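Enquirer: One structure, as structure tokens, below. Some questions next.
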Amino acid sequence: MFSNQTGTVTGNLNTFKQKEINGLNRLRNAITGFFILVPLGLFAYLAYNVYMNFIERDIRDKSFFEFAFPLSGVFLLLFLVFFPIILFTRYRVNRFIKLLHEIDTEHLQLYQQYTLAVPRLSANIAPYVLSQKGIIIPRLLSVDRIPYSDIMEIRHKTFKSGRSYGTTITLETYKNQKHHISFFQHEKLRFFLAAIAQKHLHIPVIKKN
């Protein structure tokens, strides 16, 4: 009986993980598609206007391709601007998918609880992931991994950005390092503090004004 229950839980978690990965893949593809269509749309708009100008001026000593040759420079510029964004987006999403594959069953279940507790429209890159060995913080170009045993204290404070209020969590370690996590949903702070408390790590939590 116990074995069947364990198998059911594992099966549900595998289904959840695959669903989450599929959602992240859709997010990656949607962002990629957007940043492909935007430059193509701009280029098509410019090409149309150049063509209409070519027709109105009734230019006979040049072909349209010769007349519109400067557009190739515009296309190259658009490519240089948007292509790195596409590569960066795919890199970030793929790296987070790899993190989901890394975490063990217990913490995958915890991450599932996180997705249910935090309002969201679709799969996205979480500001932190709790793993067996420590807290994982996905950064823009790197991943911070902070072992629980290294954390001296946890501080959190509220900040205002425009009309919205956000939260910053600061993890201070015994090595005099400070790791920051910022977000705009209070549910993420509540879940983080509750998950840390459940681990009975006895890390001081300080609220700053």
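Enquirer: May I ask you to list the lysines whose Cα is less than 28 Å away from that of residue 175, ignoring any residue fewer than eight positions away on the same chain?
Expert: 98, 133, 157, 188, 199, 207, 208
Enquirer: Please work out the FRET efficiency for the pair residue 49 and residue 124, using the Cβ-Cβ distance as r and a Förster radius of 35 Å; give the result to the nearest 0.05.
Expert: With a Förster radius of 35 Å, E is 0.40.
Enquirer: Please pull out the direction-averaged projected area of region 113-209, using the convex hull of its alpha-carbon atoms, in nm² to one decimal place.
Expert: If I average the Cα hull's projected area over directions, I get 7.0 nm².
Enquirer: I've got another one for you. What translational diffusion coefficient, to the nearest whole µm²/s, does region 41-165 have by Stokes-Einstein, given a Kirkwood radius computed over alpha-carbon pairs, a temperature of 25 °C and 0.890 mPa s viscosity?
Expert: For these conditions, the coefficient is 125 µm²/s.
Enquirer: In terms of the ratio Rg/(2.2 N^0.38 Å) built on C-alpha atoms, what value belongs to region 1-107? Could you put the intermediate results ahead of the total?
Expert: Details: Rg = 24.3 Å, N = 107, 2.2 N^0.38 = 13.0 Å.
Working it through for region 1-107, the quotient is 1.87.
Enquirer: For region 35-75, divide the Cα radius of gyration by the Kirkwood radius and give the resulting Rg/Rh value with two decimals.
Expert: Ratio of gyration radius to Kirkwood radius: 1.04.
Enquirer: Suppose only helical runs count, i.e. DSSP H with n ≥ 4. What mean residue ellipticity at 222 nm does that imply for the chain under -39500 (n - 2.57) per run, divided by all residues and rounded to the nearest 500 deg cm²/dmol?
Expert: The helix-only estimate for the chain comes to -20000 deg cm²/dmol at 222 nm.
Enquirer: Report, in order of residue number, the helices in the chain meeting two criteria: a C-alpha extent of 24 Å or more along the helix axis, and a mean Kyte-Doolittle hydropathy of at least 0.5; treat each whole DSSP H run as one helix. Intermediate values should be presented prior to the final figure.
Expert: Working: long enough: 2-57 (82 Å, 0.11); 71-102 (46 Å, 1.28).
Taking the DSSP H segments of the chain (at least 24 Å long, mean hydropathy at least 0.5), we get 71-102.
Enquirer: Still on this structure, please answer the following. Percent of Cα-Cα pairs more than 26 Å apart in the chain, please.
Expert: 53
Enquirer: Okay, moving on. Mind ranking 124-134, 10-20 by how tightly packed they are, going by the mean number of other C-beta atoms within 10 angstrom, highest first?
Expert: Highest-to-lowest ranking by the protection proxy: 124-134, 10-20.
Enquirer: Taking the Cβ-Cβ separation of residue 67 and residue 42 as r and a Förster radius of 25 Å, what is the calculated FRET efficiency to the nearest 0.05?
Expert: Computed FRET efficiency for residue 67 and residue 42: 0.85.
Enquirer: Size of region 155-209 along its principal axes in angstrom, Cα-based, largest extent first?
Expert: So the extents along the principal axes, rounded to whole Å, are 35, 25, 16.
Every number here is computed from the coordinates shown, using simple stated rules; none is lab data. Source: prediction; values computed, not measured. Here Cβ is always computed from backbone atoms with ideal geometry, including for glycine, and neighbour counts include all displayed protein chains.
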